[in-house]
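Before any comments, here is the structure.
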Amino acid sequence: MTLTQLKNWFASFDYPHLVLGYGSLMNADSRQRFSNIEHQGVMVTVEGFYRAWVTRSWQEQQTYVGALPETGATLNAQLIPTPLSPALAEREKDYTFTQVSADAISTDFTRDAHDYLLQRLSDKQLWICQTLDVHPAEPDFPVSQTYIDTCLAGCLSHGGKPQAQAFVRLTRQWPAHVKQDRLQPFYPRPGRVSTDEHNQIDTLLQEVLHD
């Protein structure tokens, strides 16, 4: 992202809060339709947390990615401006909002754009959704393919194949089996994913998880 693009992005909102979306919030269609979050996100890397398939939704009977603190760990995410609304709180009811320092954010921006980002974030509050209760996926609480699709389509839209690959490589505890629900989504907030994106996702998962 260039300095001009970043300045235009900051000019488009005046919220004091930004959320680091590292799962389905990376998908603009999903977050717009189900959580009324209209602003675009900016791809960043978050240091000091790792992502894993460990967030159990007892209500929705499935397993989602969660973030947990660990020194030296990283995950890719989107920096998303949003009010901390009831809709967002409901979406993230299986997590706790944990504050993150701007110093934990790194990017592949130009130096001037990155410095500008950190400067503008100095008076903002950054939040990541940390997992409340850690449980790996199991048959009664599966990982849904439509949830994986939603996350990876968001990566493809905002950062192309490299960001989608990073999502897969940086995510721990991938389940041995995934619930195949593309024809009838089990995940309640699926992004609209094209056939071409499905093909890209299937190829990418095969390449990265089985290389």
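The values are calculated or read from the model by the stated rules, or taken from the named source; none is laboratory data. Note that this is a predicted model, so its numbers are computed, not measured. A quick note on method: Cβ atoms are made from the backbone with ideal geometry, for glycine too, and the neighbour counts reach across all protein chains shown. Note: accessible area is taken over every heavy atom of the protein model, side chains too, but ligands, DNA and RNA are not part of it. Shrake-Rupley method; radii C 1.70, N 1.55, O 1.52, S 1.80 Å.
Numbers at a glance
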quantity: Every pair of residues 6+ apart whose Cβ atoms lie under 7 Å, when the first sits in the range 61-75 and is without any contact (Cβ under 8 Å) to a residue 40 or more places away in the chain and closer than 11 Å to L170 by Cβ while the second is in a strand (DSSP E or B) and not polar (S, T, N, Q); calculated: A73/G48; A73/F49; A73/Y50
quantity: In the range 74-105, residue nearest to P16 (Cα to Cα) [restricted to those that are acidic (D, E) and more than 13 Å from the chain's Cα centre (by Cα)]; calculated: D103
quantity: Only listed residue being part of a loop (DSSP other than H, G, I, E, B) and crowded, with 18+ Cβ neighbours inside 10 Å, chosen from R182, R189; calculated: R189
quantity: Boolean, R172 is open to solvent by 20 Å² or more (accessible area, probe 1.4 Å), of a type in the set (K, R) and under 17 Å from N76 (Cβ atoms); calculated: yes
quantity: Hey, E38 open to solvent by 70 Å² or more (accessible area, probe 1.4 Å) and in contact with a Ser or Thr (Cβ under 7 Å, 6 or more places away or on another chain) or not; calculated: no
quantity: Every pair of residues 6+ apart whose Cβ atoms lie under 7 Å, when the first sits in the range 1-14 and is farther than 14 Å from D112 by Cβ while the second is of a type in the set (V, I, T) and not in a helix (DSSP H, G or I); calculated: W9/V42
quantity: Number of positions in the range 6-32 that are over 15 Å from C151 (Cα atoms) and surrounded by fewer than 21 Cβ atoms within 10 Å (Cβ to Cβ); calculated: 12
quantity: Residue ranges of strands (runs of 3 or more DSSP E) in the range 23-139 with at least 2 members closer than 27 Å to P190 by Cα and among the charged types (D, E, K, R); calculated: 42-57
quantity: Among (1) farther than 22 Å from L68 by Cβ; (2) without any contact (Cβ under 8 Å) to a residue 12 or more places away in the chain, the one test that A176 misses; calculated: (1)
quantity: Selected residue (only one of T45, T96 is touching a Leu at 6+ places or on another chain (Cβ under 6 Å) and open to solvent by 10 Å² or more (accessible area, probe 1.4 Å)); calculated: T96
quantity: Where E197 falls short, out of the listed (1) in a loop (DSSP other than H, G, I, E, B); (2) of a type outside the set (G, A, S); (3) at pLDDT 95 or above; calculated: (1)
